[in-house]
Amino acid sequence: MFKKILIANRGEIACRIARTCRRLGVEVAGVHSTADAEALHVKAIGESYAIGGAAASDSYLRIDAVINAAKAAGAEAIHPGFGFLAENATFARAVEAAGLVFIGPTPDVIERLGDKASAKREAQAADVPTVPGSQTPSEDATTVAGIVRELGLPAMLKAAAGGGGKGMRAIARLEDLDGEIEAAMREAKNSFGHAGLIVEKLIEHGRHIEVQIAGDGRGNVIHLFERECSLQRRHQKLIEEAPAANLSAVLREQMVADAVRLGQRLNYRGVGTVEFIVSGDSYYFLEVNPRLQVEHPVTEMVTGIDIVEMMLRIAAGEGLPVAQGDITCDGHAVEARICAEDPANNFLPSTGNVVYVDFPAGGVRVETGIESGSTVTPYYDSMLAKLIARSGTRNEALDLLARAIDETSIFGVTTNQVFLKSLIDLPATRDATFHTRLIDEQINQLAGKTARLDIDALAIGAYFWMTQQRPAVTGNPWQSRDTTGWLMATGGSGLSPIPILHLEADGASAEIRFAPWQADGTMIVGINDDQRSVRLTPAGNDRFIAVVGARRDQVRIRQMDQTVFVHDGRGVHTLTAIPYLSYISATAETSGDLRAPMTGMILKVNVAIGDRIKAGDVAAILESMKMELRICSETDGIVAEVNCRAGETVERNAVIVVVKPD
C-alpha cells in the first residue's frame, strides 16, 4: 500500500477519499485554488498546496501544477476523484512520466473510452448492443445536421469527449436543430476542449442503469452489481439507488455479463462504470466512465465494499481484494444530491455565503464539502452534499432519505431540497415506473413557482425578528421609538395600528403588525390582513418549538443582518426583514437594465447599441457553474448600452445591457 498520496480534487469527494486513506494509514495531501483556500476539504485534509486561480482552468485542470504539488508533498500516487482531470489521458501519462502512480485506468484505456465514439466501437467489438447512430465525431455543424436528418427524430446530440450531461441536447423538432447544435458544440468546447459531436437515436422513455466494475489490469474483472440513475434532469443525475428496482433477473445477468466482458476486452485496471439505457426488455450501451462515480456510495452501502479502498489496492499492485463469488447485495440504498440551485427558477445556480449548515446526526450517510461559513462560488459544480440512506427495503430507504432531507438545514443559498422531497414522493418514484424524461415531463408539478405567502413561516420569522430587536423587553414593547421609529399605541385588536416590519419572501411581501407579548410568551402577529398566534420556545442549537395557532412544529431559525432563515416542515424560507419606516422611505426605480443573475463568464453577446430588441429576446449568454444562462430583455425597446463582451467575467447584478423601453 502507498505511504502517501495526493488528492487532485476538491469538495466532498476530496474529503471522502481522505477518510478512507486515513483508515488505511495512508497519508494524504490536497490541492486548492485561490477560491478554495478556506474550503472544508482543505481543512479536512490538512496539508494542501495552492495550484492557481479560481477558475478550474487556472488550477484544478493544470496538469503541471498538480504534479508539482504531488512532488512537493512527497506523494507516491495521485487520486483524481471525479471530474477535472479524472478522465484525462494526457494527465495520466504525465503522472506516470513523473514517476508517480495514477490511481485509475491506464492512459490507453482512458483514451479509448474518453471519446464516446471510440467507446461505442469498443462496445461493439465486445458484442455489447449499442444505440443506433454515428460512430465518428464531427465538429462540422452541417455534417451533424445531416446525420440527424438521416437518422430521424427524436435524436440526441452528444459531446464525444464529454460526460456529466455537458454538450448533450435532445432534438425533437428540426426547426431547433441549428441552434441546439451550436449550443452543444459551444458547451462541449468550453467543458472538454473539443467541440466534436456524435448523434444517436433518442430513446425517450428509457431507464438509465449502470454497472460498477473493477479490474486488476491483468485480465481479471468483477462487477459490484448495478445502480439505477433514471431520475435526472438536463442529463445530470439527482437521485440514484442500488440495486435497480423492477429489473428482471435475466436482464440484470445479461447487463453485468456484458459490462464484465467489455472490461476484460480492455484489460481494465481500477474501477469504472458501464452505463446502459434500458427500454422494455432491450438495453443499449451508452458509455464507460473510467473513474469513481458520484453515486458510488449506494453500491458501497449494499455490498459493504469500500470502492476507494479497492482503487488504492489495485493501483498499489495488490490486485482485486475480493472475488466475484464473495460479493453480495444486501438491502437497498438511495442517494440524493443536494445542489445550490433554484428549481423554481429554471434551476438557476445559487452562489454566496453559507450562513448555517446542519445535517442529520445519524441514520444516514452524509458526504459534503461545505460547513457553516463556506462560500459557494460560480467556478465549480453546484453540488453541496450527498445524503445516502440504506434499509432492508426500498420503501424504507426512500422514507429514511426523505426524513434526512427534511432534517438538513442549509441557509444562505437556495437549494433543491424541496424539489428532491417532491421527487421522492412521486408515485412513479415510489413504484419504480420512472424513466429519464420523468422530471422534464413533470417539471411544472415538481418545481412550480408561486408568489404565495407562507403565512405561518412569516409569522414565525416576524416573531423571531422582534425577539432580536427587543430581547429583554417586559410589559409593552411598543412604547419605544427604538424599534419602529414611532411611539406606538395598540389598537382595539391589540395589534399596532400601523405596520412595524416589511417582510419579503419568494417574490411576495407582507406588512407586519405586532401585539404585546402575553404572559406565556405568546404574541399575536398580523400579516397583511391575516393574524397568527405565535410562541417560540428554544430547543437548543438554533432549534425552536414553534406553536402557530393550533399547529406545533420543530423549526430552525437564524438571522444574518436583514435576512431571517426559517426551516420548518415545508422547507427553508428566506425572509428579508426591513423596518417599515426604512421600507416606505426607499424609492423604487424601474429601468431596462439587464443584470447578470450571478457571477460568470459572458459566452456570447447578441446585441449592439442601437439594435431593436423585443421582450424575451436573448441579449447575452452567461456561463456559470457549468451552466448556460440566457439573459433576456423584459421589454420592447432600443439597446442603449452594452457593457460586456464575450470572454469577460461579470459580477452578480452587474448591468450588462441597458434597454431604453419603448
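The values are calculated or read from the model by the stated rules, or taken from the named source; none is laboratory data. As the structure is a prediction and not an experimental result, all values here were calculated from the model. Cβ atoms come from the backbone with ideal geometry, glycine included; neighbour counts cover every protein chain shown.
Just a few scattered comments:
- Taken over the stretch 569-615, residues that are loosely packed, with under 13 Cβ neighbours inside 10 Å, modelled with pLDDT of 80 or more and closer than 30 Å to residue 458 by Cα amount to 1.
- Scope the stretch 144-167; condition surrounded by 14 or more Cβ atoms within 10 Å (Cβ to Cβ) and either among the hydroxyl-bearing types (Ser, Thr, Tyr) or in a loop (DSSP other than H, G, I, E, B) (or both); matching residues: 153, 154, 160, 161, 162, 163, 164, 165, 166, 167
- Residue, farthest from residue 99 (Cα to Cα), within the stretch 5-24, restricted to residues that are of a type in the set (Val, Ile, Thr) and crowded, with 23+ Cβ neighbours inside 10 Å: 13
- Of residues in the stretch 75-85 being of a type in the set (Gly, Ala, Ser) and within 14 Å of residue 308 (Cα to Cα), the one surrounded by the most Cβ atoms within 10 Å (Cβ to Cβ): 81
- The numbered conditions (1) crowded, with 22+ Cβ neighbours inside 10 Å; (2) under 21 Å from residue 16 (Cβ atoms); (3) in contact with a Gly (Cβ under 9 Å, 6 or more places away or on another chain) are all true for residue 387 except (3).
- Evaluating residue 423 against the criteria (1) assigned by TED's automatic domain parsing to the domain that holds residue 280; (2) buried (at least 20 other Cβ atoms within 10 Å of the Cβ) leaves one unmet condition, (1).
Each row is one residue, and each column tells you yes or no for (1) closer than 30 Å to residue 339 by Cβ; (2) surrounded by 19 or more Cβ atoms within 10 Å (Cβ to Cβ); (3) touching a Ser or Thr at 6+ places or on another chain (Cβ under 7 Å); (4) not assigned by TED's automatic domain parsing to the domain that holds residue 409.
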site: 546; (1), (2), (3), (4): yes, yes, no, yes
site: 553; (1), (2), (3), (4): yes, no, no, yes
site: 556; (1), (2), (3), (4): yes, yes, yes, yes
site: 565; (1), (2), (3), (4): yes, yes, yes, yes
site: 620; (1), (2), (3), (4): yes, yes, no, yes
site: 623; (1), (2), (3), (4): yes, yes, no, yes
site: 653; (1), (2), (3), (4): yes, no, no, yes
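- Scanning the stretch 248-279 for residues that are β-branched (Val, Ile, Thr) and farther than 10 Å from residue 221 by Cβ, we see that the one that is nearest to the chain's Cα centre (by Cα) is 273.
- Counting the residues of the stretch 246-282 that are touching a helix residue (DSSP H, G or I) at 6+ places or on another chain (Cβ under 8 Å) and modelled with pLDDT under 95 gives 1.
- Those helices (runs of 4 or more DSSP H) of the stretch 1-113 in which 1 or more residues are under 23 Å from residue 271 (Cβ atoms), touching a residue at least 40 places away in the same chain (Cβ under 8 Å) and of a type in the set (Ser, Thr, Tyr) occupy 11-24.
- Hits in the stretch 168-208 (condition: in a loop (DSSP other than H, G, I, E, B) and farther than 16 Å from residue 145 by Cβ): 168, 193, 194, 203, 204, 205, 206
- Selection status of residue 145, out of contact with any Pro (no Cβ under 9 Å at 6 or more places or on another chain), closer than 26 Å to residue 626 by Cα and among the hydrophobic types (A, V, I, L, M, F, W, C): yes
- Number of the exception - residue 96 against (1) among the acidic types (Asp, Glu); (2) surrounded by fewer than 22 Cβ atoms within 10 Å (Cβ to Cβ); (3) under 24 Å from residue 306 (Cβ atoms): (3)
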